[in-house]
Each structure stands twice: as C-alpha cells, then as structure tokens.
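All remarks here apply to the structure that follows.
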4 protein chains.
Amino acid sequence: MAGNIFGRIFRLTTFGESHGAAVGGIVDGMPSGVAVDVEFIQSELNRRRPGQSKITTPRDEKDQVRILSGVMNGLSTGTPLAFEVLNENQHSNDYANIVDTFRPSHADYTYTEKYGLRDHRGGGRSSARETISRVVAGALAKLVLKHYGVTVEAYTSQIGGIKLAGTYQDYDIAKAEENIVRCPDAEVADKMIALIDEVRMQKDSIGGVITCVVKGMPVGAGDPCFDKLQAMLGHAMMSINAVKGFEYGSGFDGVEMRGSQHNDIFYMEGDRVRTKTNYSGGIQGGISNGEDIYMRVAFKPTATILMAQHTVNAKHEEVETEVKGRHDPCVVPRAVPIVEAMAAITVLDAILVNRCVKL
Amino acid sequence: MAGNIFGRIFRLTTFGESHGAAVGGIVDGMPSGVAVDVEFIQSELNRRRPGQSKITTPRDEKDQVRILSGVMNGLSTGTPLAFEVLNENQHSNDYANIVDTFRPSHADYTYTEKYGLRDHRGGGRSSARETISRVVAGALAKLVLKHYGVTVEAYTSQIGGIKLAGTYQDYDIAKAEENIVRCPDAEVADKMIALIDEVRMQKDSIGGVITCVVKGMPVGAGDPCFDKLQAMLGHAMMSINAVKGFEYGSGFDGVEMRGSQHNDIFYMEGDRVRTKTNYSGGIQGGISNGEDIYMRVAFKPTATILMAQHTVNAKHEEVETEVKGRHDPCVVPRAVPIVEAMAAITVLDAILVNRCVKL
Amino acid sequence: MAGNIFGRIFRLTTFGESHGAAVGGIVDGMPSGVAVDVEFIQSELNRRRPGQSKITTPRDEKDQVRILSGVMNGLSTGTPLAFEVLNENQHSNDYANIVDTFRPSHADYTYTEKYGLRDHRGGGRSSARETISRVVAGALAKLVLKHYGVTVEAYTSQIGGIKLAGTYQDYDIAKAEENIVRCPDAEVADKMIALIDEVRMQKDSIGGVITCVVKGMPVGAGDPCFDKLQAMLGHAMMSINAVKGFEYGSGFDGVEMRGSQHNDIFYMEGDRVRTKTNYSGGIQGGISNGEDIYMRVAFKPTATILMAQHTVNAKHEEVETEVKGRHDPCVVPRAVPIVEAMAAITVLDAILVNRCVKL
Amino acid sequence: MAGNIFGRIFRLTTFGESHGAAVGGIVDGMPSGVAVDVEFIQSELNRRRPGQSKITTPRDEKDQVRILSGVMNGLSTGTPLAFEVLNENQHSNDYANIVDTFRPSHADYTYTEKYGLRDHRGGGRSSARETISRVVAGALAKLVLKHYGVTVEAYTSQIGGIKLAGTYQDYDIAKAEENIVRCPDAEVADKMIALIDEVRMQKDSIGGVITCVVKGMPVGAGDPCFDKLQAMLGHAMMSINAVKGFEYGSGFDGVEMRGSQHNDIFYMEGDRVRTKTNYSGGIQGGISNGEDIYMRVAFKPTATILMAQHTVNAKHEEVETEVKGRHDPCVVPRAVPIVEAMAAITVLDAILVNRCVKL
C-alpha cells in the first residue's frame, strides 16, 4: 500500500535512499530454473550508471550488484531473489544547504508534508538511485523473457525540440547503444548531444522522449478491465521519476484519425493471425495480439538546475536556493534502460498471470 | 489478478457483459457515515447513457442503478456497497454475424485466444456497458470527496483536429454540460458536433481528447516509487476502453522546455505554500502538493464503423465483415463522466491510503 | 483491505447484509471453459439453507442463486462471475428491540465502535446470510477442482461433549449427508441430534467441531513462508463466523508426540512417492505432498440464545436484553458446506498460483 | 503471490535461505516518525538466537541486524525500511548427504516437486533462519505499538505432555524470560527443561504449545468477513514453520460449553464498555473489543532427529538417511519471540487499516 511494491506474480519490492547504506530490492515470484546471469545484470546496471559520458552527471558510482538469495548454482530457485547495491561516493555536504529548503519541482515539500520529516540527503527516496532496483529487476525479467522469445528495447527519440523523423521500424534500435544519447540515428544523436551540452553549459536542463518496443509477445497477455496491458504499462512508466506522459500505438496522434484508417485489418500470414497496420500497438481489449507493442514516454527537464531560484523553506519563509553538486542536464539517455526495465517487468508479469486463465 | 478489481482502500470489483443479466460492482472500503445520494448517482449515470443526443448511439438504455447492500437509512455502513444495473434492450441478433468473426481493432481475436472462447454478444466484457460500474463507483467516490472539498471535472478538449485553444483555466468547465459534445466553449463545441455528425454520416468514426481537473486536493496524497499519484491516474485512465495516451501537467509538451522555465517556483500565499506556475500538475515526487491536478486523456476513433471491412474469422479464413447495429461515431462525449469517475476513485483512494502514513 | 475479498487468483468479493436487497458476490479469476452447473450450485446452497430440519432455525429461506455474468452457453468465459441471492422472509421487527442494545458475544458493540453506526437488522453484515456467498463460490471452486480430480468433504465430528471416536479414514464421509447433523456414524449422529434438541428446548446453544478432508491434491500447491497452504486454510476457516480454532494433520495432539513417531516415512508406491503415516496432514513446508489434507475446525456455541441476558446499550446504560426470533441452537450442521466451500476455494487458489512458479 | 509478503498496510517482504549471503526483509508501510531502537531490535533477535542454552541447537549464530534504509537520525522516514542479517557459521558439508535425499517430514520433497530444484543446504528457504526476518519486523511493529499502549507477550505453556495448569492471567508472563524454556512458572519450567533434555539425549524431538497475549488493544481493529482479526492471526501463526494448530479465546474447549455460559456479558467499568468473562478472546465479529486477545499455537516435534530413518531419494529409490549437525530438540522456546513477532505485525496492521474506515 505504501507504494514500493510492483507486479502481481513477478513482484518487486524495493528500498533505499541516496544516502543510506544501500539500495536494492526483492523479487518475489522469480520463476525457478532460470539461469541468473550476473554479468548481464551488471551490464544493464552499467547502462544507467552516472558518469558514463560528458552529458551525464560526473558522479562516479560503481554500482556493483550483489545477489543475496534465491539462486543456487547459478539457477533461480523460485524463492525470493534479493539484491543490493551499496551506496558509495556520497557527498552529504552537497546537501547541507537544502536541509530546510524546498527545491522547486522537487519532492522536498510534498515529502515533508506527507511524512512530517524527510531525508534531505540526495533527495532521499526520491533520488534517481531508486531506479537501480528497477534496472536489476528488469534485467531479471529480461532473462526470463528470453525463454519466451520476447525482447524489450528502448531508445531516445526526442531531446527538447530535436526529434527523430521516423517510427521505430525505420531504425536499427541496437545502434542506439553506440552513442551517448542512445539515439539510433547517429546524425540526430549528434544534434541531441550538442543540445544537451549547450543546456549543461547554461546550467539549465532539458527533457525528451523515449520510445520502447516489445517484440515477440505471445498472444493473450494482459487482462480486460482495470489491468489492461496498456494500463499496467502506463502505470509502470508513469511511476518513473520525471515522466509526464505515456502513449502507445497511435497515441495522441491517433485522435485525429478516422476509424476506417485506424482500424488494423486482420489477415493470415501462414497460420498466424496478423494485422496489416498496427495502430493498436500490439494490444486489443487490453490483451496482447502478438504484434509489436510500442510506446512513447515523455520526460520533463531535470528539476535540478545549477542556478539560483526563488523558493520557500520549512519555516515557510521565502528564500533563494542554489543547488550545488553533480547532476544530469537531461535524464533521458540514462533513463533508456529504466524504461526497458519497467516494460520488461510489466510484460513478464502479464505473461505469468495469463497462465492461470484457462481451465 | 484477473483485472476486475481497482483501488487499494476504496476497492472496486466490477462484473458484467453487454448481454448478461446485469452489470454492476461492489465497493469494498466505502467509508461509513457517507450520505449515499442515489439521485446524484443516477444523474451521473445519465451523463454516460447512450441515446442522449444525435451524436451518440441511438440505443435507448435506461440504466437505472439499484443498490443492494452497504446502506442503511441513507448512510453508508462501511460494509460492501454492491450495485447493479440490469441489461435491457439487447439486440442479440445484431451480433449473429460476428459470432465467428474477429472485428478489426476489437477484442474479438484476443479474447478468443486468451480464454479459448468468448461472449460475442455486444462485445461481451469489452462492451462499453462495463463503464457503467465505473461511473457508479465514481459517483460514490465524489460523494466522499465532497467532505474533503475535492472536486473532479472533465470536458472535451479535442475532437479529431478541432482543439480548444486555451488551458482549463480559460474556461468555465461547468458550461461543458450545456452542449452535447461536452466542450466548455460553445463555438468550438458546434464545430466538434458538426465534425462528429459528418463522420457519422460517412459511417466512420473519430477520436478526441478529454481534459480532467481535480481541485481542492489536500497535500500529501500519493505514494513515492511505484504508486505515485500520476502512476495511479495513468493506470486508471489507460484502463478505459479506447484510451491511447495519458499526460498530466506539462505532459508531452514539457519535454521541449528548459528546467529554468519548467520549475514551479514556490511562494507563500498567506500561510499556504503555493507554486507560481503549475507545470508539475499538482503532483511532485508522486505526491499531491495542493495545486490543481490536471491531465489529458486521448481516445482513438471508435473501432466499430458501419462499413465493410476485410478480416479473419475463427477458422482463420480471410473474410469480409460488416457490423450492423447502433454505435457511437465518437466515444468522447460520453466518456467525460467515465474519466471523471476514474479520477475520483483514484484520488480518493490516495487520500485514504495517506491516513496510514504517519505515526 | 476492508476484508471482503478472499483469494489471490480465484478471487471472491462478497456483499450483503441480512436485511438488504440481496447477498452475493463476484468471482474474479474463474478459469474459462468450466461447465457452470447451476443445479449443483443450488444443491450446495440447499445444504446450508435454514429450515431444513428440526435442529436448525425454522426460518424458511428459499435462497435461489442467480448468476448475473461470466457464463455463456453454460461455460465460464473467464470474466467476472457475479451471483446474487435475494433476501426474503425478513422479520425486521424481530430486531426492533436490539436497535440500541449490544447483544452479548455478538458483533453489535464492535461494529458500532468501528463504523460509528451499524445495521442492526438480523446482524447486518455479521449475519449468517453472509455465508451464502461463500457456499456459491465454493461450489464454483468444486466444479473446477473436479478437473483436477480433487474432492473436498466435511462432516460433524463433535457436538458439545459427544465426539466421533475414529479418524476420517474410519468413516464413509458420504454417509454424513444421510442425517440432519451431518455425522457419518448414524449412532453418534443420533446422540448429537438429541443433545442439540435438548439444548434447543432449554433456549440455549452448543458448539462443535467439523472435520474436513481434501483428497486427490496434486503435489506442489501452497507457498513457502507466509502463504503456506495450512496458513491459507487457517485464514479461510478462522474467517467463518463462530470459529474459535483450527488444526490440521496431527494438530494440537501432535505436540505430545516424539519426532521419531511423528515423522512421516517416505516410501514408493509404484512410481508415486508416498508417506506411511500422514501426521503432516498432506502439507510439508507449506506445500501439498499429495497425501490427504485433513483439518478440524472448532465452532463456539451460537451467541444468540433465547434467554434474558444482562448487557449494555448504545447509551452505555446497563440493561436486560431478550432476543426473539428464529435461531440455530447449533451452527455446526449447517456449517459443514461452508467449511467445504472455504477449503475448496483455498486449495483451488493454491493450485492456480502454483501454475506460475516454474520457468 | 509467491507467499513472501505479509500484511496490508504494514507490509513485510522477506528473503533468504540458510546458506545464502544473508536473510532479511523490507517493511513497506512503516509509519514515519517512530524512534527505531536498534538495540531493542537486536535484543529481540537475541531471544530467538540459536546456541543460547543447552536445550537449543549448539550452533552459534551472532545474527547482528543491520538496517539499510528508511531511517534518518534514528527516526523512521516512512520509506521502505530494509534490514539484513548476514549468514555465518554455515556448515554446508553437514548437508552433503542430503543433496538428493528427502528427509521425512521436511520440505525437501515438496520443494523439489514444486520448483524442479531446491537449495538443500540447511533447508534452504524452509530453514528456521527465515524467522529472523519475522522477529526483526515484529520488533519494529512493537516499537509502533508502544505508541498505542499495546503490548504483546508470549510464553511456553506446554512441552510434550507437561502443561501449565492455569490461564495466562494466573502468571506474571515477564517471568517466562527468566528460564531457558520460557515458561512463567519456574517449577513447571524445570520439568519442561528436563523433558527436552531427555528427548535430546535420545536424539529425538518433542513439540509444545505457546500462549500469546495482546493487551491494550484499541476497540475496532480487524475487519468483518474474510479478514477478521482472528483470521489474520490464524494466518500469521499457521505460517510459522512447525505450527499445527491455532485457537483463540475459548478455542477448542469452547465447543463443549453452552451459549449461556460462553456469552461474555457486557457491563460498564466507569465509561468503558467491558465484558465480565472473555471467552471471545478480545474479538467479536472479527473486530477487537478492547479486552485481552489471547491465543494458543501448537508446534509439532522438530522433524530433524539424529536417528537413521527410512526414506526416498530424488531418483525415487528407497534409502536410509541420517541427519548430522546441530538441531533443536524442541523449537518451542526459541519460537516464543517469533509468535510475538507475528502477533505484533498482525495487530498493528489491523490498527492501521482501521484508520481508513470512517468518513
């Protein structure tokens, strides 16, 4: 109920603040018999690690994952799989000046009101370090999804006003990992990087959009009514820090289409039922139809900017605040593996739930 | 797990197909001592009723709600509040020709694959009648929210390419109920109605956007991490049939802003902490900050169109299908009370959950 | 959270007070493709019906179940299966004298304190009529369990001080349905009936024990740690009105045994792993081992007795109360199908959950 | 769903096998503002520690708890409170001979069948070390309960055939901590210790009963229907390894009483509604009435005995097995703090849920 548990069968509980001993989590419902490839999990974590390039925060966090339970001889046992990543390299002093100050568009004010107190160091629970646990669990989910032939890939499709012109089908998504902004078109990537760099020099920040694609989905995952697959995906994505919007398939653009254009015509491809177009985004009536699931996730500009800002403190006095320290001018490049992780957890969970539906 | 339960404290379970005996639901977690105003509930239901205007389906469904439990002498008792609406005026024969045919962009194919069989009559569980239960529960939630001074209002802000130019603050939302498309600007409403009418004559359909605003929220509702208030709202909205996208606050447009523009500066208004702008959409770190919560919900064009379409049947033969019967050329006007209902249920639930947070 | 939902995959939500319009429930998670035999469901309901014999309450409630959704052409569709039983034959006046009085060992005082108000008519939600929904859902569970070859049977093994001497293996449980106290030994049954009759004449009441046996369980159902199969069964049984104790396998008597006696020795019976004794009660480490699951459930004497009692009223004055009306001097005979129902729901749920465990 | 999560508002997720890196858990829903007294938590852990006396296993486990998150400056922050206890002093070789053998009345066979593989070392997840997490979370719950004036105390009331003659009111429960068997009557304690010692010398084991009492409960905790307070307590207790039975209030003995004896007569004690007797065990209609809650929990004799036993191995051959290593001849003395922990978690959870009930 307190919101740190996600999933129904593949159920993740996470913990950890920026400046506590560790961040981590427990996956309760990891299927047994899965090869738990720790190197793969670490490689996923490395993708979200700060300090990986000039356009991310210069913090250097090693973020080594350690598995505490649920694995024997490299195989998952079906019991809770707990993991942790120690917090290191903490500059608590960076936050001394905000103990009492509510940074604009941060969670400082709302946490203080909700809980009566807050851990001000590094944003406490609202820190970006919270996403470490998502990435680890997402990597575990991907390891299971491999057995179903399901892949999950995401990439940066927009930074500020710079957008990719094509849809996901126009790119080789794997190429996104070849540049630091994670955009599969090298030329556009360069422009995005230049924009982030410019914004960074201005001590400002910028937002962007991540596109995520799930391929190889079996038909039948997702539940009618409240737990439609798109509702679970929307929940998952909207729960990521800084996300402001979610759409799948035709999305917001679809509202301007006519039904006669938008309807995806069924046909047979060999013995497989397919659709000619895929405005449905691979989901019909809340249930996967076997076509690609694709979605777009909007991220706001990072709230932390290195300029003086007017604000209010805990005594309800109006004051100036100036954040120091090391921050991302744009969260989007590092959020790509986080979006993938949440998508992987969500579709795996839906696949597992679907096992219980028929006699 | 099967997806027909929503909410954590204020928990709604729904049931019902288009052509069964009834649709309805149970609210488990209705606070005790609330005056259950059945006339108000019925008036909300009437807002979603088919046949209310020339731009909605000509079906005439009376949809009288009946409360079965949980109320004594007009007050909620705190025990489960069950309700039902009988199904009447069913034309099962309208569906005889689709027993075996998968209508494009409907749930026919996915239901059949998921469950091994499906109720083809009127779309079965994926029928729009499923939303009746949402509206009844939403009306109950609104009755509770009144005690908190919270209001929930929605309106049509876009139909096809016709959009309202202003934000929600530019309109008197109450005026939306004065026209059949539920748009608060009478002039724009006329254009929207004309467009829907045109599309209807073409036997086609069209989509649109609904904007929803929650005012008077107490500070502190919503939970960090996975159950952020925007994540619960996103889940709620994405679970409505035909919804393709959700955004709140600055939404997708926010990605193009700089942090220095987007950050909402705190100031004191008397003894209340306020923000000068509200790009945050009333939620920071997943928790309400007392400002208005506003969101936009995108609806695709109705899948049911009265034209012949190519498709596949249950024997996996390619066939033509032509749907007969009575349908909405645009679901948006009738979806306004549904969006309000889901928002009301979600914010009330978050308010109740928040009671358990402090010592 | 408000406690009217039970189960994880096969999830039952119930509603209804004694004197509202109806009692009923929704099963969300009924597997699709099950033949929903309404006659069987009604026959199960008839087993719990009041007025069936001289030792039960003389109320005459027909209790006809009506299914509202989730079934087409006699098969479950996998969507929510809602059902209701109308309340009839209500003597609200019987309760006029207890509007304001807290009957001893009833829920009158605690409901009033918890909710601030209560439905005094017929015990409101704490009425025995609440169990109708359990029996209907239990019948649905039994219909599914048939496909697994699992049977659930219960019988009266003790009334007051009169006990069956043997264990469940010593009797043909089916014979329990041949007498009105539901005890499989006709001679002991006669003594039990005589005792209940005697107590009834004294306007008093008496308790008893029900033994329940689940045969044909597949190996592997039940989860380690908090949701051990015996924990779910304990939860299920302790949630029945008037139940004071639960034990399975060797139970309370097992505490006096030595490990060397109590351990169930494994051996091979053909290619099946069996145990020579079954003190484990068919569950080891929280997981079914394929042997019979057996348990005992203790019921207190009915709180409603037809004598004057001293008590306190809502104004906190000490008063005399005298309950009138029609009541069971012993709930045990009618509770037999309720115990079976809760066992059936619980083991089915565990079987379904177990589908998600392996890769 | 996989059974390693307990509680609704105060929600505990646990992890850990005997021979993994650590055992531990996460409490999601710890109220904010509670002084987290680590010394108290450690002292509770020490009560369950092996090696504390001659009648417990001679293993020497230090079991130092470490808190990883959710606390700042000694106060809970309302965010997930994670903790871990490292596994040390593991003699994996002790288990080499049971890699492939199903020990009688252990979980070896059922785990293997359920998951397709199992961690054989030290019982894996079914190890008694799993209870460490329960005790830590229970200590946290007790720290919160202090603010409500609620206390939870348990003691050994029976070992084998040796029973305390009186009820909990006849003893000073605090005295139970003065002897190694945790029985509040020193004389009976001596007999119990002698019995355990005798059984230990015989390489055998023995069971017993723990009585637990909750005092100071506010009125109104617990929910009608499926989540009655006694059902939650029953669930909690039955989920402890080796528990075979649960009863509260009059329990199994109550079945032989007449209603006229068993009914608890209300009276006024000053302005407080009280009952003269308390056969109800402090709970009526599933809801606490403010009287003491008391319950009895039956433990079977430890399955691990140091004798040769006949059994079956993973190849389904009949074999002899002889367990070596260090084991408790009776789990009861060390289970006393575990029973308290589960009771504390359960009643706290019910108290928190009750905050959401009224308008």
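The values are calculated or read from the model by the stated rules, or taken from the named source; none is laboratory data. Since the model is a prediction, treat every value here as computed from it, not as a measurement. Don't worry about glycine lacking a Cβ; one is built from the backbone with ideal geometry, like all the others, and counts go over all protein chains shown. Remember, those area values only see protein heavy atoms, side chains included, never the ligands or the DNA or RNA. Shrake-Rupley method; radii C 1.70, N 1.55, O 1.52, S 1.80 Å.
Quick one: which residues, 5 or more positions from B:SER157 or on another chain, have an amide H under 5 Å from its amide H? H modelled 1.01 Å from N in the peptide plane, none for Pro or chain starts.
Amide H to amide H, under 5 Å and 5 or more residues apart or across chains, B:SER157 pairs with B:VAL209, B:ILE210, B:THR211.
What nm distance separates the two modelled labels at C:ALA314 and A:GLU177, each placed 7 Å from Cα along Cα→Cβ?
So the two model labels end up 6.8 nm from each other.
Chains D and C: what accessible area do they bury, summed, in square angstrom to the nearest 100, with a 1.4 Å probe? Before the final figure, lay out the partial values.
Details: alone 17230 and 17220 Å², together 25760 Å².
Roughly 8700 Å² of accessible surface disappears when D and C pair.
Using Cα pairs under 8 angstrom and six or more residues apart, how large is the relative contact order of chain C, in percent?
22
Per residue, what accessible area does chain B have, given a 1.4 Å probe and all protein chains present, in Å²?
Solvent-accessible surface per residue comes out at 30 Å².
Defining the label point at 7 Å along Cα→Cβ, can you sort the distances from D:ASP197 to the same site in each other copy, shortest first, in nm?
In ascending order, 5.8, 8.1, 9.9 nm.
So if the hydrodynamic radius of the protein assembly as shown is defined as the Kirkwood radius over C-alpha pairs, what does Stokes-Einstein give as its diffusion coefficient at 4 °C and 1.567 mPa s, in µm² per second?
40
Which lysines, if any, have their Cα less than 22 Å from the Cα of A:LYS191, not counting same-chain residues under 8 positions apart?
Answer for A:LYS191, where 22 Å is the Cα cut-off: A:LYS54, A:LYS163, A:LYS175, A:LYS203, A:LYS300, listed by chain and number.
Report the Rg/Rh value for the range C:258-345, based on alpha-carbon coordinates and the Kirkwood definition of Rh.
On the way: Rg = 22.7 Å, Rh = 17.8 Å.
Looking at the range C:258-345, the ratio lands at 1.28.
Write down the Å³ per residue value for the convex hull defined by the alpha carbon atoms of the range C:1-79.
120
What part of the accessible area of the protein assembly as shown, given as a whole %, is carbon or sulfur when the probe is 1.4 angstrom?
Carbon with sulfur: 48 percent of the solvent-accessible area.
Over the residues of the range B:128-287, compute the C-alpha Rg and express it relative to 2.2 N^0.38 Å. Before the final figure, lay out each step's value.
Working: Rg = 17.6 Å, N = 160, 2.2 N^0.38 = 15.1 Å.
My calculation over the Cα atoms of the range B:128-287 gives 1.16.
Is any residue of the range D:203-243 close enough, with backbone N under 13 Å, to a label point placed 7 angstrom from the Cα of D:ARG272 along the Cα-Cβ axis, and if so, which?
D:215-219
Using Cα pairs closer than 8 Å and at least 6 residues apart in sequence, work out the relative contact order for the range D:168-286, in percent.
17
Can you list the copy-to-copy distances for B:GLY161, using a point 7 angstrom from Cα toward Cβ, in nanometres, shortest first?
Its label point is 2.3, 9.2, 9.4 nm from the equivalent points in the other copies.
Express in whole angstrom the spacing between the alpha-carbon centres of the range D:137-168 and the range C:259-317.
Cα centres, the range D:137-168 to the range C:259-317: 23 Å.
Reachable lysines from A:LYS315, Cα under 25 Å, same-chain residues fewer than 8 places away excluded?
Correct list for A:LYS315: A:LYS114, A:LYS324, B:LYS276, B:LYS358.
Using the reciprocal of the averaged 1/r over all distinct C-alpha pairs, how large is the Kirkwood radius of the range B:95-176 in Å?
About 16.6 Å, per the Kirkwood formula over Cα pairs.
Enumerate the helices in chain C for which the Kyte-Doolittle hydropathy averages -0.5 or more and the C-alpha atoms extend at least 24 Å along the helix's axis, using complete DSSP H runs.
Answer set is C:332-353.
Could you identify the residue of A sitting closest to the A-C rotation axis by Cβ and state that distance rounded to whole angstrom?
Per the A/C rotation axis, the closest residue of A reads A:ARG355, 2.
Could you give me the percent of Cα pairs per 10 Å distance bin for chain A, shortest bin first, beginning at zero and ending with the bin that holds the maximum distance?
5, 23, 32, 25, 12, 3, 0
Given Cα positions, please report Rg to Rh for the range A:205-359, the hydrodynamic radius being the Kirkwood one. Before the final figure, lay out the partial values.
Working: Rg = 20.1 Å, Rh = 17.9 Å.
Ratio value, two decimals: 1.12.
From the alpha carbon gyration tensor of the range C:172-217, can you work out the equivalent ellipsoid semi-axes (sqrt of 5 times each eigenvalue) and give them in Å, largest to smallest?
Numbers: eigenvalues 122, 31, 8 Å².
After diagonalising the Cα gyration tensor, the semi-axes are 25, 12, 7 Å.
Within 10 Å, Cβ to Cβ, of D:LYS54, how many net charges do the neighbouring residues add up to if Lys/Arg are +1 and Asp/Glu are -1? Before the final figure, lay out the partial values.
Details: positive: D:ARG200; negative: D:ASP197.
For residues surrounding D:LYS54, the net value is 0.
Let me know the whole percent of all Cα-Cα pairs from the range D:198-273 that are separated by more than 20 Å.
Percentage above 20 Å: 56.
Please report, for C:ASP253, the nm distances (one decimal) from its label point, 7 Å out from Cα along the beta-carbon direction, to the equivalent points in the remaining copies, shortest first.
With the label placed 7 Å along Cα→Cβ, C:ASP253 yields 1.9, 7.4, 7.6 nm.
Normalised by the residues of the range D:117-186, what does the relative contact order come to in percent, with Cα pairs under 8 Å and at least six apart?
Details: 39 pairs, mean separation 13.9, N = 70.
Across the range D:117-186, relative contact order equals 20 percent.
Rg (Å, one decimal) plus Dmax (Å, integer) for the alpha carbons of the range B:33-165?
Cα-based Rg and Dmax for the range B:33-165 come out at 18.3, 50 Å.
Can you give the calculated 222 nm mean residue ellipticity of chain C, where each DSSP H run of n ≥ 4 adds -39,500 (n - 2.57) and the sum is split over every residue, rounded to the nearest 500 deg cm²/dmol?
After summing the helix terms and dividing by the residues of chain C, the value is -7500 deg cm²/dmol.
Only protein chains counted, 1.4 angstrom probe. Which residues of the range C:341-359 are at least 30 Å² less accessible in the assembly than when their chain is isolated?
Residues meeting the cut-off: C:ARG355, C:CYS356, C:VAL357, C:LYS358, C:LEU359.
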